[in-house]
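Data first, discussion second: the structure below is written as structure tokens.
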Amino acid sequence: MNSWTKAGFVYAHPDDESFLSAALIRQIADCGGRPVLLVATRGDAGQKNGDYGHVSKAELAAIRDREMAEAAELLGLENVVQLGYPDGRLNEAGDELVAAVERFLREHKVEAVFTFPPDGGNGHPDHIAISRAATAAATGGRCPNVRFLYYSWFPAMDSDGKKPDLAVETEPYWAVKAAALRAHDSQKYAIERYFGSLDRIREDRRHEKFVLGWQAAESEKEKRKA
Ligand SMILES: [Zn+2]
């Protein structure tokens with residue numbers, strides 16, 4: 001399907017991976033590829049719903065670690081690296097975050113990187129910070145295996161005339177995607193706001209879409225030759 005097998009998903013919070021790319025991750029794993037995930041924060045400043053209203057930040061972090069491990073198992077992620085930066089303040093991490101993403105990409109010999117678009121998609125400062133770091137790490141020349149950088153597609157891109165370069169149908173993977181989302185139980189109200197009931201697929205959630213943000217020069221040459 002793709003010219004790469006090692007895909008690195010670089011996100012800010014546990015659950016970003018299931019919101020944006022559960023079907024793609026499972027598809028890569030099913031096709032013999034090797035998806036790995038970097039999560040920059042433990043999501044301990046995340047919205048808590050009624051059942052979790054009483055837990056401390058440390059308890060919420062531990063709960064979200066367990067939720068992430070369950071989702072990772074369902075999605076077939078080969079590895080999850082948790083950086084443990086303070087949730088909500090990722091923009092303070094600066095160059096240190098770029099270096100951590102570079103280490104992750106090099107260690108796992110990642111060929112294709114997936115992250116948020118530069119505006120964070122929904123404007124969340126942590127999403128903007130991780131997009132900036134992933135872009136710098138992927139394109140800075142210090143991760144020679146990386147050949148492609150993809151951004152998650154958000155509806156606002158429609159008005160910029162942007163078309164997705166990669167679209168994965170969620171229907172064949174819906175059972176897995178829904179199970180991974182349900183694993184993030186502490187976030188169930190946010191998940192419900194975005195997806196509605198997980199028992200059926202909302203029309204606007206039928207695809208996970210991505211736009212190519214960058215590709216290595218030799219990949220462009222290969223493409224022209226083909
Ligand atoms: Zn997030």
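The values are calculated or read from the model by the stated rules, or taken from the named source; none is laboratory data. The structure displayed is predicted, hence computed values, not measured ones. For neighbour counting, all protein chains shown are included, and Cβ atoms are generated from backbone atoms with ideal geometry for every residue, glycine included. What goes into the accessible areas is simple: the full protein's heavy atoms, side chains included, and nothing from ligands, DNA or RNA. Shrake-Rupley method; radii C 1.70, N 1.55, O 1.52, S 1.80 Å.
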Restricted to the stretch 33-45 and to residues being away from the ligand (no atom under 16 Å from the Cβ) and either surrounded by fewer than 19 Cβ atoms within 10 Å (Cβ to Cβ) or not β-branched (Val, Ile, Thr) (or both), the residue farthest from the chain's Cα centre (by Cα) is Gly33
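So how many residues does the stretch 64-81 have that are over 13 Å from the mean Cα position of the chain (by Cα) and not in a helix (DSSP H, G or I)?
Residues in the stretch 64-81 being over 13 Å from the mean Cα position of the chain (by Cα) and not in a helix (DSSP H, G or I): 3 in total.
Scan the stretch 3-32 residue by residue and report those that are surrounded by fewer than 20 Cβ atoms within 10 Å (Cβ to Cβ) and either within 18 Å of Met68 (Cα to Cα) or not hydroxyl-bearing (Ser, Thr, Tyr) (or both).
Listed by number, the residues that qualify are Trp4, Lys6, Ala29, Asp30, Cys31, Gly32.
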Those residues that are more than 19 Å from Asp160 (Cβ to Cβ) and more than 12 Å from the chain's Cα centre (by Cα), I need them from the stretch 119-131; list them, please.
His124, Pro125, Asp126, Ala129
Report the residue count in the stretch 104-122 for those that are in a helix (DSSP H, G or I) and either open to solvent by 50 Å² or more (accessible area, probe 1.4 Å) or under 19 Å from Glu92 (Cα atoms) (or both).
2
Somewhere in the stretch 193-216, is a residue in contact with a Pro (Cβ under 8 Å, 6 or more places away or on another chain), modelled with pLDDT of 95 or more, open to solvent by less than 80 Å² (accessible area, probe 1.4 Å) and small (Gly, Ala, Ser)?
yes
Taking the criterion of being buried (at least 17 other Cβ atoms within 10 Å of the Cβ) and within 14 Å of the ligand (Cβ to nearest atom), would at least one residue in the stretch 70-78 satisfy it?
yes
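Restricting attention to the stretch 169-219, report how many residues are hydroxyl-bearing (Ser, Thr, Tyr), over 30 Å from Asn145 (Cα atoms) and part of a loop (DSSP other than H, G, I, E, B). Break it down stepwise before answering.
Residues of the stretch 169-219 hydroxyl-bearing (Ser, Thr, Tyr): 170, 173, 186, 189, 194, 197, 219.
Filter once more, keeping what is over 30 Å from Asn145 (Cα atoms): 186, 189, 194, 197.
Narrowing further to those that are part of a loop (DSSP other than H, G, I, E, B): 197.
Count: 1.
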Can you tell me how many residues in the stretch 123-138 are in a helix (DSSP H, G or I), open to solvent by 40 Å² or more (accessible area, probe 1.4 Å) and within 14 Å of the ligand (Cβ to nearest atom)?
2
What number goes with the only condition from (1) within 16 Å of the ligand (Cβ to nearest atom); (2) over 23 Å from Tyr189 (Cα atoms); (3) not hydrophobic (A, V, I, L, M, F, W, C) that Asp15 does not pass?
(2)
